[in-house]
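These notes are about the structure you will find just below.
Where a number appears in this text, it was derived from the coordinates with a stated rule and is not lab data. Predicted model only: the values in this text are computed from it and were never measured. Every residue, glycine as well, gets a Cβ built from its backbone with ideal geometry; the counts of neighbours run over all protein chains shown.
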């Protein structure tokens, strides 16, 4: 299997880091004015994605606390947020002769849509209505992935190379012990297991019944560049 490696970019990182990570991955999720990002950073990322042949995706999020603080959002506000943020990157991409490939929700919004049925319903229907043809990157084994087909939305199920998993297949919440996979040996073992077709393990060592199509390296995680390089070498083999 040829894996897709995705990374969140345009989140205020130095330009050199953006450029380096763009060369290491096959998809990018670009912040588009919610938790981070502006027209200038969106344009830079779109041009780099074209240059390196990388899938360009929108990474809409909430504004509070870099989008990682759980914040109540109404179904009406969610649809407006999507049209504003994804639409903004779509305009920028068009001017850069780039094409949007996917949408991946950021942080707290990603988890809220997984958790809350009304938000999930609006998210998938908004994708089908406003952005037909765009894929959704969503938690492997999650509810978004399970329900997307109903609305004609194609999902690439997502696993994480730098996050800890609980036994139920959900991510360990940030701030809790084990949320971030920082140990180099543990990261290497995860890559090796994926390369051999053995899948993901929870922190407790339980095999998870999930089948990701795309794997995330967070651009702001420790040694993101090294992890992305190793992942591309081991899993993509281009």
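Here the gap between residue 167 and residue 213, fully extended at 0.36 nm per residue and compared with their Cα-Cα distance, gives a gain of 14.6 nm.
The relative contact order of the chain, computed from alpha carbon pairs under 8 Å that lie at least 6 residues apart in sequence, is 20 percent.
Residue ranges 204-210, 55-61 sort as 55-61, 204-210 when ordered by packing (mean number of other C-beta atoms within 10 Å per residue, highest first).
Estimated from helical segments only, the mean residue ellipticity of the chain at 222 nm is -12000 deg cm²/dmol, where each DSSP H run of four or more residues counts as -39500 (n - 2.57). A simple spin-label model places the labels of residue 76 and residue 99 3.7 nm from each other, with each point 7 Å out along Cα-to-Cβ. Classified by the C-alpha gyration tensor, segment 196-238 has an oblate form. Its axis ratio a/c, with a ≥ b ≥ c, is 1.5 or above, and a/b does not exceed b/c. Of the beta bridges in segment 4-236, as assigned by DSSP with both residues counted there, near 10 percent are antiparallel. Which stretch or stretches of segment 14-34 have amide N atoms under 20 Å from the point lying 7 Å from residue 2's Cα along the Cα→Cβ direction? Within reach of a label on residue 2: 22-29.
From largest to smallest, the equivalent ellipsoid semi-axes obtained for segment 4-236 from the alpha-carbon gyration tensor read 25, 22, 16 Å. Multiplying the residue separation of residue 38 and residue 185 by 0.36 nm and subtracting their alpha-carbon distance yields 49.3 nm. With r as the distance between the Cβ atoms of residue 233 and residue 19 and R0 = 25 Å, compute the FRET efficiency 1/(1 + (r/R0)^6) and round to 0.05. Once the sixth-power term is evaluated, E becomes 0.85.
Full extension of the segment from residue 63 to residue 193, taken as 0.36 nm per residue of separation minus the current Cα-Cα distance, would add 43.2 nm. The residue 206 and residue 150 beta-carbon pair, evaluated with R₀ = 30 Å, returns a calculated FRET efficiency of approximately 0.50.
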